[in-house]
Amino acid sequence: MALIPKETIDQVLHYADIVEVVGDFVTLKKKGQNLWACCPFHHEKSPSFSVAPAKGIYKCFGCGKAGDVVRFVMDVESVSYPEAIKWLAKKYGIEIKEEEKTPEQQLAQNERDSQYIVSDWAKNRYKKLLQESEEGESIGWAYLKERGLNQATIETFELGYSLDKWDDVLNEAQKAGFDAKYLEKTGLVIKREEDGRRYDRFRGRVMFPIHNISGRVVGFGARTLRRDEKAGAKYLNSPESEIYHKSDVLYGLYQAKQAIRQEELCYLVEGYLDVISLHQGGIKNVVASSGTSLTEGQIRLIARYTDNVTVLYDGDAAGIRAALRGLDIILENGLNVRVVLFPDGDDPDSYIRKVGDKRFQEFVEANSQDFISFKTKLAAREAANDPVKKAEAIRDVLQSIAKVPDPLKRQVFLQQTAGTFHIDEQVLISEYNKLVKQGVPRSSGGGAASSTRSQSSTAAVQPGGQLTGLGQQPPRPQPDDAMPDEAYGFMGDEPTEDVVEAEPIPDVQQACEKEVVRLILNYPAQQLANEHTVAEYLLSQTDETPFRTPIYADLMHLCREALGAGRFPDARELVRHERSDIRAVITDLVTEPHELSPNWITHSIYVPRELDMLQEACDNAILRLNKCNVERELTDCLNTMNSLDPNNVEEYFAQMSIFKSLKQLDMQLAGLLGTIISR
């Protein structure tokens, strides 16, 4: 793919005004130094979405979405980094001269573009035939009306009709100047090997264009309306092509993505008409896997918009088996999964047409249950009083629980499962750990979904996924996969391995380290009373101080690098870092959910600002961090003394001398901080 030069990216970032960009999507109102609005990413009545113009960042204190102007465009439009840069460049009239492609790259791009163009032409051809041809009106349009679809819905999904002829699309496309090879590559036309004859793939069928996430047509689904033996398969789909990969496409997502984000929920169904009927009935946050097995690529698409999925399946035995087969993969990716089964003989399309929009939604709300509970109850019911079946059912449920990345959720599911099967919870945990040791397939987590996972619980995850009764230090947040790999100068997130800490880092240690980093990032160039800047002072004072929280250690390293290069650490620059965990922490550190009311000034009430007390804040941050480290060394020293051989008097007194020195230092630090010594 073409690369966007770094100079162009820098120009876009220079001119892009976060207030202007965000203001295109929500109404911002000034309150204090920042601007506020109701969040565009989730429903809320009171504004919790804040934009800080001076820092060039946004943050929602409700749902947690945060970042800079590019990240906002990526989030709100669900596009990649290069696409967001192009979006901003277009808004600000900046020309993007992409670096020259190799001949091979240019050829590949031309091939893809040609397939998109011919697919769009075919869509328009099918639409015209549905509405203007005698056959399309009498057969295709009549069928869609019979299914209860109105013209607005038909237009929204760009439905069409293919004539019952061997060569309609072939002839018309060639008349329009399209090369037959692109008709073949997109699957619109088939070429017989024995005689080289070409003919239309879709004939006498209602056509369902399949759009990618940006709205471009990549393929078609087609339903026959004939009932004779020559009709062929009821549904026929486009084959895989350079622009159509079934595993990375969800039918209806283009029409549903905004509703999914707003409702914070995605309904997942099987068929085209399920999507279309529900959309017409007011349930617009619905997509379909189009009869294929659910894939990781499709789940990652959903996870761009929500962590919550409710699967709507037929109520017959086949529907139940389909629900059980397809949902473990959603669990693996950290999404919250619920299931609704309709009465036997009904699917979402037939049921909403039978009972109406309102009763359909009431049914879904009343019958929705989380997947693990659904599977557990179903397994317990089928096992009944058969001990062997019951044991097999329990192991089957445990295999699903093992795929849940969130340890807290796993613990809750284990408790529920133990209650449903009337089995001791510790026995269940023991069996779970055996399954993990045997190598139950586990997801490493990924994408947007990972950002919502809880990181600790009473049943914590150990290396390998085993459960214990003790909490452990959470792993470092894993980078997402949404940052650029096409733009010059941005290489995407580096692969990282899970970090297993030798021991938990106390909350107070994290808090002390966090405060030092926060002060550096918020006031890097601010002059202190000692004539040093905040960044210079804090970095020099902590030059030999170990930071034990990995993310804060990494941030301190980045700050030192910046200062060493002759510039101050800049939160606006760091918030564009390729690592998602660094972006998230930076945004948290430089945004505040509350601001001082102007009424204090109006009523002549003086409230000291942090800016007025920076020297004291920096001194206290250093003292607290040093005291925390000294207390840690005191604990280590005591542990060493307790583990010594009682006969090793010399070593004992050496450790005692160290302990006394540390204790004296601890008391001095406490005195400077004005704290009470409890040791």
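Can you tell me which residues in region 262-278 are buried (at least 22 other Cβ atoms within 10 Å of the Cβ) and assigned to a helix (DSSP H, G or I)? Lay out the reasoning, then the answer.
Within region 262-278, the first condition is being buried (at least 22 other Cβ atoms within 10 Å of the Cβ), and the residues that meet it are 266-270, 272-278.
Y272, L273, D274, V275, I276, S277, L278, listed by residue number.
Matching residues to (1) in contact (Cβ under 8 Å) with a residue 24 or more places away in the chain; (2) part of a strand (DSSP E or B):
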| site | (1), (2) |
| --- | --- |
| M207 | yes, yes |
| I210 | yes, yes |
| G219 | yes, yes |
| A233 | no, no |
| A256 | yes, no |
| A259 | yes, no |
Being in contact with a strand residue (DSSP E or B) (Cβ under 6 Å, 6 or more places away or on another chain), crowded, with 23+ Cβ neighbours inside 10 Å and outside the structural domain of S80 (by TED's automatic domain parsing) narrows it down to one of G252, G221, so name that one.
-> G252
How do the pairs read when you match residues in region 328-339 that are farther than 14 Å from A402 by Cα with residues anywhere that are surrounded by fewer than 24 Cβ atoms within 10 Å (Cβ to Cβ) and of a type in the set (S, T, Y), using Cβ under 6 Å and keeping only pairs 6 or more apart or on different chains?
-> R338/T310; R338/S368
Given the conditions (1) out of contact with any helix residue (DSSP H, G or I) (no Cβ under 6 Å at 6 or more places or on another chain); (2) modelled with pLDDT of 95 or more, which single one is not true for E146?
-> (2)
Candidates I329, I401, I352 - the one that is under 23 Å from the mean Cα position of the chain (by Cα), of a type outside the set (D, E), within 30 Å of R304 (Cβ to Cβ) and surrounded by 20 or more Cβ atoms within 10 Å (Cβ to Cβ) = I401
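Would you confirm, using the coordinates I've provided, whether V311 is assigned to a strand (DSSP E or B), at pLDDT below 95 and under 22 Å from N237 (Cβ atoms)? Before the answer, list the steps.
Numbers: assigned to a strand (DSSP E or B): yes; at pLDDT below 95: yes; under 22 Å from N237 (Cβ atoms): yes.
Taking the combined requirement at face value, the residue satisfies it.
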Turns out the helices (runs of 4 or more DSSP H) fully within region 560-647 with at least 3 residues that are modelled with pLDDT of 80 or more, surrounded by 12 or more Cβ atoms within 10 Å (Cβ to Cβ) and not hydroxyl-bearing (S, T, Y) are 571-574, 580-590, 614-643
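Report the residue count in region 328-367 for those that are in a helix (DSSP H, G or I) and under 30 Å from R395 (Cα atoms). Please lay out each step first, then the result.
Just the residues of region 328-367 that are in a helix (DSSP H, G or I), to begin with: 328-332, 348-355, 357-367.
Next, from what is left, pick out any that are under 30 Å from R395 (Cα atoms): 328-332, 364-367.
So the answer is 9.
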Looking at region 1-80, what strands (runs of 3 or more DSSP E) fall wholly within it and have at least 1 residues that are within 22 Å of T306 (Cα to Cα)?
-> 34-37, 49-52, 57-60, 66-68
Scanning region 172-190 for residues that are surrounded by 14 or more Cβ atoms within 10 Å (Cβ to Cβ) and not in a helix (DSSP H, G or I), the one modelled with the lowest pLDDT turns out to be F178
Among (1) part of a loop (DSSP other than H, G, I, E, B); (2) hydrophobic (A, V, I, L, M, F, W, C); (3) farther than 17 Å from N626 by Cβ; (4) at pLDDT 85 or above, the one test that A529 misses | (4)
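The values are calculated or read from the model by the stated rules, or taken from the named source; none is laboratory data. Everything quoted here is computed from the prediction, not taken from an experiment. Neighbour counts run over all protein chains shown; Cβ positions are idealised from the backbone, glycine included.
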